[in-house]
Amino acid sequence: MKKIAILLMILLNTGLANATRLDSVNVDDRSLKVNYMEITQYQLYDTKELVPLYFDFGAAKIKNPEDYPIKKGKQVKQVDLVFSKYPKDLESWEFEKLIQRRMSALRTIDTVLFNQPTISWNVVLQTNCNSEKEAKALFHGFVVKYTLGYDFIDRSTFTYDFESEVTGIKGFADSTVIKVLERHPEWQDMLVVTDFTGSMYPYASQVALWNRLNTETKPIKHYVFFNDGDKTPDVAKIVGMTGGIYHTPSGDHSKVIDEMIKTMKGGFGGDGPENDMEALLFGIRKAKTKVKQIVLVADNNSWVRDIDLLKKINVPVKVILCGTHFGYINAQYFEIAYKTGGSVHTIETDIEDMKKALNGKAIEIGGLKYKIKDGAFIMVTDA
């Protein structure tokens, strides 16, 4: 399949200004639960990791069904149905019927998708259009997002070469963690809590490599790795008691690698959302008062399952966001940094003072601007 420029949505954990609240769609013989959101516009990026399926404005026929192969070794994590909010008055046109027809069109090329309870379905309306001409210029279609299919891998035989990464023999395609830590040598006596689900392995290795390279200061005092519940089935995961959390104090790098392997063998994560807050609280209890900095190495492309536990964290959290190369930012991580008095860091940007958003000023990251509105971070076009 040729490389296709696709549009990626800005992940916003916000309510709707519009009165319409669509929470399910009838697709042929079943009801499908969906998340409904309105954004300004998808942003254009190049990637081979997602598959876009195109519609014409107002139509329900998929224009490029041949571009939808099942990707070997991967599974679908998220499906977004994206189109323009035009006309603005949704009651003036067959809004829900068009969604149903488009969902049915997708089902004709992949019926399996609709039988997988772990897939997150989003209906996303773009509001950056005041005429039919402007609406037609926006992206209309599905975006199918894949993740590594670790659920189909034999955990007893799967291996990952942490040793080569932690010793510096093997390089990194994305060095976000190293870049952030290089910019902040003042961060000492750290508790580092790291998402340790499949795609995050290289970032965890960077944490351990950084500490190994700084043998004199040993800036990291405690490591926590979490895999979102070990082998717990997704339907059995309980907020605050999901588990799959592993701790080791800083020491010989071989012991850290052993703990990483132990975490990996425990489980690969399962569904998309992760138990970040549970892991932070676990790490804080383990470290007690022996750390000065708390750092969360987070997967920008995963939701925080237990965000409701954020209110229990009363110390600043520095969030290092990994996987931001698609151009969007998951606003839940803004919320974590803002409400704890912490900060957000990407491979290129540091946002140290999250409280600026309270003054009506915008936070800019990756060329996109965000403000706080009604207690939540939203993307804005003007600041």
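The values are calculated or read from the model by the stated rules, or taken from the named source; none is laboratory data. Bear in mind that the values here come from a model prediction, so they are computed numbers and not experimental data. Every residue, glycine as well, gets a Cβ built from its backbone with ideal geometry; the counts of neighbours run over all protein chains shown.
Conditions tested, residue by residue: (1) in a helix (DSSP H, G or I); (2) closer than 15 Å to GLU182 by Cα; (3) touching a residue at least 60 places away in the same chain (Cβ under 8 Å).
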| site | (1), (2), (3) |
| --- | --- |
| SER199 | yes, no, yes |
| TYR203 | yes, yes, yes |
| TRP210 | yes, yes, no |
| THR215 | no, yes, no |
| HIS222 | no, no, yes |
| PHE225 | no, no, no |
| ASP230 | no, no, no |
| THR242 | no, no, yes |
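Of all residues in segment 266-304, which are within 30 Å of VAL144 (Cα to Cα), assigned to a loop (DSSP other than H, G, I, E, B) and out of contact with any helix residue (DSSP H, G or I) (no Cβ under 8 Å at 6 or more places or on another chain)? Once the filter is applied, which keeps residues that are within 30 Å of VAL144 (Cα to Cα), assigned to a loop (DSSP other than H, G, I, E, B) and out of contact with any helix residue (DSSP H, G or I) (no Cβ under 8 Å at 6 or more places or on another chain), segment 266-304 yields GLY267, GLY272, PRO273, ASN275, SER302.
Here VAL256 does not qualify as buried (at least 23 other Cβ atoms within 10 Å of the Cβ) and touching an Asp or Glu at 6+ places or on another chain (Cβ under 7 Å).
Within segment 288-319, being over 20 Å from LYS237 (Cα atoms), of a type in the set (A, V, I, L, M, F, W, C) and surrounded by fewer than 21 Cβ atoms within 10 Å (Cβ to Cβ) holds for VAL291, ILE313, VAL315.
If I ask for residues that are of a type in the set (Gly, Ala, Ser) and buried (at least 21 other Cβ atoms within 10 Å of the Cβ), which ones from segment 324-346 would you list? Once the filter is applied, which keeps residues that are of a type in the set (Gly, Ala, Ser) and buried (at least 21 other Cβ atoms within 10 Å of the Cβ), segment 324-346 yields ALA337, GLY342.
For (1) assigned to a loop (DSSP other than H, G, I, E, B); (2) in contact (Cβ under 8 Å) with a residue 60 or more places away in the chain, each residue gets a yes or a no:
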site: VAL319; (1), (2): no, no
site: HIS325; (1), (2): yes, yes
site: ILE329; (1), (2): yes, yes
site: TYR333; (1), (2): no, no
site: ILE336; (1), (2): no, yes
site: LYS339; (1), (2): no, no
site: VAL344; (1), (2): no, no
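Table: residues versus (1) over 19 Å from the mean Cα position of the chain (by Cα); (2) modelled with pLDDT of 90 or more; (3) of a type outside the set (A, V, I, L, M).
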position	(1), (2), (3)
GLU163	yes, no, yes
THR167	yes, no, yes
GLY171	yes, no, yes
THR176	no, yes, yes
VAL180	no, yes, no
HIS184	yes, yes, yes
MET190	yes, yes, no
MET200	no, no, no
ARG212	yes, no, yes
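Taken over segment 210-243, the criterion of being surrounded by fewer than 24 Cβ atoms within 10 Å (Cβ to Cβ) and farther than 23 Å from PRO273 by Cα is satisfied by TRP210, ASN211, ARG212, LEU213, ASN214, THR215, GLU216, THR217, LYS218, PRO219, LYS221, HIS222.
In segment 363-379, of all residues being more than 27 Å from LYS312 (Cα to Cα) and at pLDDT 75 or above, the one that is surrounded by the most Cβ atoms within 10 Å (Cβ to Cβ) corresponds to ILE365.
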